[in-house]
Amino acid sequence: MTHRSFVHSTVVIASLVAASSVSAQRTARVTGTVTETETGRPIPGVTVRVVGTAFGASTDTEGRYAIVNASSGLQTLEARRIGYGVRRVENVRLGADASSTVNFTLNANPLNIEEVVVSGTIDPTSKLKTAFTVDKLTAADIPVAPTQNAIVALQGKVAGVHIQRAGGPGAAPLIQLRSPASQFKETSPLYIVDGVILSSTIINPLQDISPDDIANVEVLKGSAGASLYGSRAASGVIAITTNRGAALALNTTQFSVRTEYGFNQIGKTFPKPAFHRFLINADGDYVDRAGVVVPRHLRVTDLDNFIDNPYKGPLYDHAAQFYKPGTFITNSATLQQNSASTNFSLNYGRQREAGVVEGADGLTRNSVRLNLDHRMRDDFTVNLSGYHQRGYEDPSSVSFADLFRINADVDLNQRNADGTFKVLPDTLSSLVNPLYRQQLNDNFTKRARTLLSANANYRPFQWLSIDGNMSYDRSDRNRSLFIPRGMLGTDGQTPTIGSITLTNDIVDGVNAFAGATARKRTGLLDTRFTLRSTLERETNPYFEASGTNFSVQGVRDIDAAQTNTNASSFTDRRATSYLGSLLLDYGGKYIGDFLVRRDGSSLFGPESRWNNYYRASGAYLMAEEAWWPFKSTLNAFKVRYSVGTAGTRPDFGDQYENLELVAGGGVTRQSLGNPFLRPEIAREQEVGIDAIIRNRVSVSLVYANLVSRDNIISIPVPGISGFNTQEANVGVITGNTYEATVEAQILNRGSFQWKVNAVADRSRNRVTEFNRSCYTEGILFRCEGVTLGSMWGNSFIRSKSGLRPVHANSQDGFDINDDGYVVAVGAGNSWRDGIAKKLWGTNVVVDGKSYPWGHAIPMRDSLDQVAYVQIGDGNANANYGLGNTFQWKGLQLYANFTGQIGGEVYHNTRQTLYQDNDHVDVVQAGKADEAKKPFTYYSGQAGLSFNNSGYINHFVEKATYVKLNELQLRYTLPTSMGRLLNRVGAERLSLELTGRNLATWTNYTGMNPEAASGSAYNRVEFEVYPLYRIWTTGINVVF
């Protein structure tokens, strides 16, 4: 695919103008006042612009403005000031050589529903006039700057956005908008930063993007809204815009400095058992069966098999030895300016986040960003954005599972004669000291990222505008994994021969579009028609070199390795698209929005190179009708409906035959190519109601229904083909989502304001077509009729009705213990008789079936095999967020809570610790004899056991939680201290105390009830880098 078609379409669009010449433009004068909506007081310092031109003015102390030499004709005027909502007046007829009056009223505490959005709408449009859902957060809605990733700022603030945060500095969160649009492909949204569409092949694409300096974030949550972006937007779109200086008052220059300093702190860990199962005497010393005191390595198991004997001597807090509070520092400096013809913002930022792991430096990031808008003429505007970042990542290199499995009487800080940590701190165990692993491995990643964007808009006539954009995204990742020669290996005895692995991963992405928009007003009907053509190209050269067996010690150079291997790959993705959009606005009350798009991509099979997408939506602003009876109470009321499609593209290799080289030079066939492979197509219908009550409360209610067809699934192929599988469009998944958003200005009395933002949502999905044999994939069961997020495995029975049919008349031989499980006890016995009757360790035979006494019994199927059943569901009954902002004079308190009701998490760490008797559940000390259970009850001896390698219902836990996600106390010095500020040349100074991820209230026994693995719906918590809280103090000075 070449760029010829793109150039051709651009020439066609340009020819619309070439046929005519521009006549002399006669000018107009615009005057008016800007006042507060509630008080009627004039507002000084408001910038009023004629949108799309260089003409504008600022209001004086009495709120008056005057724009001279404005372009005559049909125009849109905009009033903007920091601390107030943006207000637009559209379709203003400015007479040539005449004066017009346009007055504005601005809300001092604006509602988000009144914001202007651009994502999915081509032109800036008020949310009150959009026919589909576009959520927007401004800088005022994000008072606490995110740390790991800019997207984390959405948590608990936008309905339908589900974020599972990951631990570790710079770690990528898992994000899901509404219900998943694919069974196997990527379900993360498309990301756009300052007009740059981020490349799809970059892992963790937002890690390199500084979360500072955000002006706003817009979210398109489904294919109905994201159809503008075609075959790569079925999972939605998130667009981030950084500051450009346009929010400043006209003819203002501002310089600001911000610094934030604090520490990272582990919030929760696993308690270590202070008891063991080994034989001891009255003094707590280890003894043998004869009662003779023996050293630790000769200890023997107590015959009662209960873990209730206390350790003697010091116990060590391994979490305290391993986790150390790390430093968190963010510094930034920003220079901004706004004038009639030019506005810009220049920002430099540096962030260092050490994390909480001993010996790891975490993440360091340095970035510079320049955004510039220049109106070269009344009819010609250019927008430029540039961003460059360099980062250094020193990750942890440990097994977090080993940390919790080492016995509490073992000191991790034991060292060798050379000062290194002991490899095996417990001589009775093969578990490697996590501190040594961190010391042994010397790994790092250097990252560089460059984003460039240029946009131009030309209006040769009042009714016609031509725009074009080109953006560039470049990512460089250089990773080094190094183990020096001579250090002891994981057996604690054999020196390593040393190894090094170097990778160079580059992604280059270019996106461009050119288009033309025509506008016409006929009576009360406003029409906007747009044609656009786009071009994409993305390349990914990758190289990896490895070396082992260093010739000398202390040299970190692959040339010093005696054995070398290398591998490389190169991928090239290209796409072209064409779209047309029609917007109809009749009297500001009836809105129709229609779009068609045709995409061609090299990722599609050669026989299915082109695919079509569409959107049709409408809105009815009922409160704009003259007959509306609730104008004073229900100020705005809109009903809307939208239906649209968007796609999910195949992976690079899906359409091709895949072959694998084997030892000796042979080749084996793997996947059969598919020349007919199409993108997945998601069709979403969305119904919504938006309302404003007494200009103080906004409510949005949305229902969305999704049907995603042509899901790409790897299916078996006939053996005669010589291949194993083929990627084919054979699957369908459906879903639905309910969303509610309420924003309220609870109080606004003098110098005190209280604002609340509450969101809630519920999503469900189901695989309705699978068209291949079912199979297991970890805790997931891939099959028709299954819900993504449901958990599958084996289950212990909790009711006697679940026993084998043969036991229908002998249920008195079973009992239900205090864990709620059916256990075999024998006739005349209860689960409490284990010690009293010496039954532990014996077998019970009931109806010819033998069971270990007192042990949980697995569920069996009709063939008397251990049953494979659904054991849980990670989908929440409801997700919610609640934000409160209290303002009193210069003091502001902000608190954001997030949480979920229902849903479950699989606690895999708990299962791992059961295996080694290292979980507090297995401790029997303090229990009555009748309630005590031997360690074999937990680790298992026969049949299905708690430490089974599969997934078991015992470790499925309720994930309901409430989290204090963000807390900030900010004090801005009052104007009465202006003299003090003026002495240092400052205009404003703010002090902040901020906490992030502070506290979680839950019955879940793991470290993180938000945990997920691989995808947002796969709710399994493994032994990984934990989430930690961050406390900081900050200062922000504006000059």
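Bear in mind that the values in this text are calculations on the coordinates, not laboratory data. As the structure is a prediction and not an experimental result, all values here were calculated from the model. Note: ideal-geometry Cβ built from the backbone for every residue, glycine included; neighbour counts use all protein chains shown.
With a ≥ b ≥ c taken as the square roots of the eigenvalues of the C-alpha gyration tensor of the stretch 218-258, please select rounded if a/c is under 1.5 and otherwise prolate if a/b is larger than b/c or oblate if it is not?
Values: a/c = 4.85, a/b = 3.17, b/c = 1.53.
Prolate, because a/c is 1.5 or more and a/b exceeds b/c.
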#### Entry: Calculated from backbone phi, Karplus (6.51, -1.76, 1.60) coupling profile of the stretch 96-107 in Hz, x at Gly/Pro
5, 6, 9, 10, 10, 10, 10, 9, 10, 10, 10, 7
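Quick one: which of Lys268/Lys932; Lys157/Lys963; Lys838/Lys932; Lys800/Lys849; Lys221/Lys631; Lys800/Lys838 span more than 19 angstrom between C-alpha atoms?
Numbers: Lys268/Lys932 28 Å; Lys157/Lys963 13 Å; Lys838/Lys932 12 Å; Lys800/Lys849 15 Å; Lys221/Lys631 31 Å; Lys800/Lys838 24 Å.
Result: Lys268/Lys932; Lys221/Lys631; Lys800/Lys838 exceed 19 Å.
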### Query
In square nanometres, what is one fourth of the surface area of the convex hull spanned by the alpha carbons of the stretch 797-857?
3.6
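Estimate the FRET efficiency between Thr269 and Gln865 by the formula 1/(1 + (r/R0)^6), using the beta-carbon distance for r and 60 Å for R0, to the nearest 0.05.
Numbers: r = 39 Å, r/R0 = 0.64.
The pair Thr269/Gln865 has a calculated efficiency of 0.95.
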### Query
Dimensions of the stretch 32-136 along principal axes (Cα, Å, largest first)?
40, 32, 18
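Just check the stretch 718-787 against the gyration tensor rule for me: Cα atoms, a ≥ b ≥ c as the square roots of the eigenvalues, rounded for a/c under 1.5, and otherwise prolate or oblate depending on whether a/b exceeds b/c.
On the way: a/c = 4.79, a/b = 4.43, b/c = 1.08.
Note, shape of the stretch 718-787 comes out prolate.
Considering all alpha-carbon pairs of the stretch 776-829, what whole percent are spaced by more than 15 angstrom? All intermediate terms of the calculation are to be shown ahead of the outcome.
Values: 835 of 1431 pairs.
Beyond 15 Å sits 58 percent of the P(r) for the stretch 776-829.
Given +1 on the Cβ of Lys and Arg, -1 on the Cβ of Asp and Glu, and no further charges, what dipole in debye does the stretch 606-702 carry about its Cα centre, rounded to the nearest 20? Write down the numbers at each step before the final one.
Details: 11 positive and 11 negative charges, 107 e Å.
That gives the stretch 606-702 a dipole magnitude of about 520 debye.
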### Query
Each label point is 7 Å from the Cα along the Cα-to-Cβ direction; what then is the distance between the points at Ala66 and Thr37, in nm?
3.0
### Query
Which distance in nm do the two modelled labels at Ala518 and Ile497 give, with both placed 7 Å along the Cα-to-Cβ direction?
7.4
### Summary
Low-density loop trypsin sites (Lys or Arg not before Pro), the stretch 951-1039, at most 14 other Cβ within 10 Å, DSSP non-H/G/I/E/B, are none
### Message
For the stretch 62-206, place one equal point scatterer on every Cα, skip the solvent, and apply the Debye formula. What is log10 of I(q)/I(0) at q = 0.09 Å⁻¹?
### Response
-0.43
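So for the stretch 952-1029, what percent of the C-alpha to C-alpha distances run longer than 16 Å? Before the final figure, lay out the partial values.
Working: 2007 of 3003 pairs.
It works out to 67 percent of all Cα pairs.
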### Unit charges on C-beta of K, R, D, E only; dipole of the chain, Debye
2880
### Task
Could you compute the FRET efficiency for Leu969 and Thr668, with r as their C-beta to C-beta distance and R0 at 56 Å, rounded to 0.05?
0.35
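What net charge do the residues around Thr994 carry, taking every other residue with its C-beta under 10 Å from that of Thr994, with Lys and Arg at +1 and Asp and Glu at -1?
Net local charge, Thr994 excluded: -1.
What's the magnitude of the charge dipole for the stretch 335-375 around its Cα centre, counting Lys and Arg as +1 and Asp and Glu as -1 at the beta-carbon? Answer in Debye, nearest 20.
Details: 5 positive and 4 negative charges, 48 e Å.
Once rounded to the nearest 20, the dipole reads 220 debye.
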### Query
Between Leu893 and Ser429, what FRET efficiency follows from the Cβ-Cβ distance if R0 is 56 Å, with the result rounded to 0.05?
0.65
### Query
For the residue pair Phe570 and Asn1003, what label-to-label distance in nm results when each label sits 7 Å from Cα along the Cα-to-beta-carbon direction?
5.9
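Where does each of 301-313, 175-187, 123-135 land if you order them by average Cβ count within 10 Å, highest first? Each step should come with its number before you reach the end.
Numbers: 301-313: 15.5, 175-187: 24.5, 123-135: 22.2.
Highest-to-lowest ranking by the protection proxy: 175-187, 123-135, 301-313.
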### Summary
Over its alpha-carbon atoms, the stretch 275-314 yields an Rg and a Dmax in Å of 9.0, 26
### Task
May I ask for the angle, rounded to the nearest 10°, between helix 4-18 and the longest principal axis of the chain, with both axes built from Cα atoms and the value confined to 0 to 90°?
20
### Task
Report the net charge of residues surrounding Gly673, where surrounding means a beta-carbon distance below 12 angstrom and charges are Lys +1, Arg +1, Asp -1, Glu -1.
-3
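With an 8 Å Cα cut-off and a minimum separation of 6 or more residues, compute the relative contact order for the stretch 620-778 in percent. Don't skip to the answer; put the middle values down first.
Details: 364 pairs, mean separation 29.1, N = 159.
Reported relative contact order: 18 percent.
Cα-Cα pairs above 53 Å in the chain: how many percent?
Result for the distance tail: 27 percent.
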